[in-house]
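One structure is given below, represented as structure tokens, and several questions about it will come after.
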Amino acid sequence: MFFSKKVDKNLVAFMDGTMVALEKVADPVFAEKMMGDGFAIEPTSNDVFAPCDGEITVVFPTFHAYGITREDGVEVLLHLGIDTVELGGEGFTAIVSVGDKVKSGDKLGTMDINRIKELEKPTTSMLIVTSRETVTLLKEDQTVSALEHIATID
């Protein structure tokens, strides 16, 4: 008899802030869902958390983006800010590394939103499901707290 482990389809807020539909993001690559479905958060605090359980598969050298692969193969990308790769890591820290196993809500790093704004980059941060599953939003245009259940992967 085989048992399949049920994978949690829920996504939690990876930052405090206001949840925004991906189509409203001021970057066409994200807004037009060229990389996949997802959502964005206009952050109000600096801490960045894992939106789901999985393994860290990407930590960009500039710490502005993280890839997480879930046990079921779903791939999630967190992209912090818009055009922030141009900052060369300024304003970002990471406390995880590729290969780390994370649980939903584990801290991944920080994004100094005040510094990012001083450097004239938008702080809008995106969660993209790059493996092409669809995302159902539960809290669009609402204030969300980090670790709050705000979306599901379908």
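The values are calculated or read from the model by the stated rules, or taken from the named source; none is laboratory data. Remember, predicted model here, so these are calculated numbers, not experimental data. Cβ atoms come from the backbone with ideal geometry, glycine included; neighbour counts cover every protein chain shown. Heads up: the accessible areas ignore ligands, DNA and RNA and are worked out on the full protein's heavy atoms, side chains in. Shrake-Rupley method; radii C 1.70, N 1.55, O 1.52, S 1.80 Å.
Restricting attention to the stretch 11-45, and to residues there that are assigned to a helix (DSSP H, G or I) and farther than 15 Å from GLU140 by Cβ, which single residue is least open to solvent (accessible area, probe 1.4 Å)? Full working, then the answer.
Taking the stretch 11-45 as the starting set, the residues that turn out to be assigned to a helix (DSSP H, G or I) are 22-24, 28-31.
So of that shortlist, the ones also farther than 15 Å from GLU140 by Cβ come out as 28-30.
On the way: PRO28: 74, VAL29: 59, PHE30: 11 Å².
Ranking the qualifying residues of the stretch 11-45, first place goes to PHE30.
Before we move on, is THR110 β-branched (Val, Ile, Thr) and under 14 Å from ASP16 (Cβ atoms)? Please lay out each step first, then the result.
Details: β-branched (Val, Ile, Thr): yes; under 14 Å from ASP16 (Cβ atoms): yes.
Answer is yes for this residue.
Can you tell me which residue is most open to solvent (accessible area, probe 1.4 Å) among those in the stretch 66-75 that are assigned to a strand (DSSP E or B) and within 16 Å of VAL135 (Cα to Cα)?
Of the residues in the stretch 66-75, the ones assigned to a strand (DSSP E or B) are 66-69, 75.
So of that shortlist, the ones also within 16 Å of VAL135 (Cα to Cα) come out as 68-69, 75.
Details: ILE68: 2, THR69: 37, GLU75: 79 Å².
If we take residues in the stretch 66-75 being assigned to a strand (DSSP E or B) and within 16 Å of VAL135 (Cα to Cα), then GLU75 is most open to solvent (accessible area, probe 1.4 Å).
Restricting to strands (runs of 3 or more DSSP E) lying wholly in the stretch 76-154: which have 2 or more residues that are surrounded by 15 or more Cβ atoms within 10 Å (Cβ to Cβ) and aliphatic (A, V, I, L, M)?
Working: elements: 92-94, 107-111, 125-129, 135-137, 149-153.
Passing ranges, in order: 107-111, 125-129, 135-137, 149-153.
Right, another one. Kindly list, by first and then second residue, each pair from a residue in the stretch 19-32 that is free of Cβ contacts under 8 Å to residues at least 24 places away in the same chain to a residue that is surrounded by 13 or more Cβ atoms within 10 Å (Cβ to Cβ) and among the aliphatic types (A, V, I, L, M), limited to pairs with Cβ atoms under 8 Å and residues at least 6 apart or on different chains.
GLU23/ALA31; LYS24/ALA31; LYS24/ALA40; VAL29/MET35; ALA31/LEU22; ALA31/VAL25
Taking ASP8 as meeting all but one of (1) within 21 Å of GLU148 (Cα to Cα); (2) open to solvent by 10 Å² or more (accessible area, probe 1.4 Å); (3) outside any loop (DSSP other than H, G, I, E, B), write down the number of the exception.
Of (1) within 21 Å of GLU148 (Cα to Cα); (2) open to solvent by 10 Å² or more (accessible area, probe 1.4 Å); (3) outside any loop (DSSP other than H, G, I, E, B), only one is false for ASP8: (3).
Taking into account only those residues within the stretch 46-56 that are open to solvent by less than 60 Å² (accessible area, probe 1.4 Å) and assigned to a strand (DSSP E or B), which is farthest from ILE150 (Cα to Cα)?
Applying the filter and picking the extreme gives ILE56.
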